1. Bin all alpha-carbon pair distances of segment 1-142 at 10 Å intervals from 0 and give each bin's fraction as a whole percent.
2. Run the helix sum for the chain: -39,500 (n - 2.57) per DSSP H stretch of 4+ residues, divided by residue count, reported at 222 nm to the nearest 500 deg cm²/dmol.
3. If you wrap a convex hull around the alpha carbons of segment 76-167, what volume per residue comes out, as a whole number of Å³?
4. Output the Kirkwood hydrodynamic radius of segment 59-113, Cα pairs only, in Å rounded to one decimal.
5. How large are Rg and Dmax for segment 16-59 when only the alpha carbon atoms are used, in Å?
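Each value in this text was obtained by applying a stated rule to the coordinates, not by laboratory testing. This one's a predicted model, so the numbers in the text were calculated from it and none came from an experiment.
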Amino acid sequence: MKRVLDRRPLLLARRGAGVDHTTAAANLAALVEIAAARPGPRVLNCADPDAPSGLEIARAIARLLDHEWHEVLLDGDAVGNVGLHPWDAVHPIVLDMSAAQALGYSPVGDFVSTVADEVEWLVRGARGGANVAILPGNDDPFFAPYFDYEAEDRFLEARAMGVRRPG
């Protein structure tokens, strides 16, 4: 959301192909309800029924916000912080949901249908809504590397001057 609100281009390493399986709170709650009704020793994975790539997630968020990105899809790894994103797994991380399904679990929805309320909540907070105090700040150690705008600007400037893989 921050990148949309800041009107920044979207830079994604590995062309946004990385997958780190998402899990909506609603789907997790549905699995907890099933598991609580059928107690027993077991290990269950929980994830959305789809496993969108970083690029698919970015495009879904853009559609929800009626936003059009300027996408810069890097062919390889991130260059420093440029191109980093939370779903940039070199090898796709996709969870096996067969044990949960055998128990009777049925997901509430896929990534796009379950993320819309969260996106709206985040945008309200980012625009100064009631939940603004609980959102991470620009200096948050986990999120800060994803918003290294100075490094991105240097990268884009070097790229515009013809440097193939600035870094």
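1. Reading the bins upward from 0: 11, 33, 34, 18, 4.
2. -11000 deg cm²/dmol
3. Details: hull volume 15.3 nm³, N = 92.
Cα convex hull per residue, to the nearest whole number: 166 Å³.
4. Roughly 14.8 Å, rounded to one decimal.
5. Gyration radius and largest Cα-Cα distance of segment 16-59: 13.4, 40 Å.
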